[in-house]
Amino acid sequence: MPLRQLVIFSADSARPRISDLAGLLIAPGEVTRMGGTARVSVLVNAAWRVHGLAAEFAARRLAMSWESTSDGQFQVRTSYTSALVPLVPPSFLDGSRLRLWFLAAGRVEGNEIVLGLGNNHALARPALAPLGLDGEVVKGPAIRIPGKSKVKRLADLIGERPTSAPPLAWPDGHR
């Protein structure tokens, strides 16, 4: 395995924070509030995503649950906690937020990255542009980020592949 230099703002260079879950709110994630608590839920299309999100939630000391849906997807939810009450959709992204977004709704398509979008899709392009990851909103809705250099940049920002992710499902800046 080649040595990697950590990138400023990368997921690998930051401590896990509750606010990182804001990345799920650009993906098809949502916050539900109840009394003085809130939870984050997101629908994902593969079991490896469930396992990857479980590890990310555990790193932030958040309990979670999941269930399969009738269409073969998985509904992933944190438990209700007061720690999630201040969570809002992000106006900016860093590697940790982008990692959670990719875990929930990202895919590699050759020399492109496609990130699935949720209800806050208007935030996607302005949040990605400062990272050098401008892309085009396409049907889905999703944002398509073309080019080898941008795939490498995204790979550097989101960090190492979770052990649950198939190798070709995670961007690799060395391919």
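The values are calculated or read from the model by the stated rules, or taken from the named source; none is laboratory data. Please read all numbers here as calculations on a predicted model, not as lab measurements. Quick reminder, even Gly has a Cβ in these numbers, built from the backbone with ideal geometry, and neighbours come from all protein chains shown.
Determine, yes or no, whether Phe74 is of a type in the set (Phe, Trp, Tyr) and within 13 Å of the chain's Cα centre (by Cα). For Phe74, the condition - of a type in the set (Phe, Trp, Tyr) and within 13 Å of the chain's Cα centre (by Cα) - is not met.
Against the test of being touching a Ser or Thr at 6+ places or on another chain (Cβ under 9 Å) and either modelled with pLDDT of 95 or more or within 19 Å of Ile158 (Cβ to Cβ) (or both), the options Arg39, Arg33 yield a single qualifying residue, Arg39. Output the strands (runs of 3 or more DSSP E) that fall wholly within segment 84-175 and possess 1 or more residues being under 24 Å from Phe74 (Cβ atoms) and in contact with a helix residue (DSSP H, G or I) (Cβ under 9 Å, 6 or more places away or on another chain), or say none. So the answer is 106-109, 112-116, 142-146. Residues in segment 58-84 that are crowded, with 17+ Cβ neighbours inside 10 Å and of a type in the set (Val, Ile, Thr): 2 in all. Criterion first (crowded, with 21+ Cβ neighbours inside 10 Å, touching a residue at least 40 places away in the same chain (Cβ under 8 Å) and in contact with a Lys or Arg (Cβ under 9 Å, 6 or more places away or on another chain)) does Ala105 satisfy it? The answer is yes for Ala105. Checked against (1) assigned by TED's automatic domain parsing to the domain that holds Arg49; (2) buried (at least 21 other Cβ atoms within 10 Å of the Cβ), Ala124 meets all criteria but (1).
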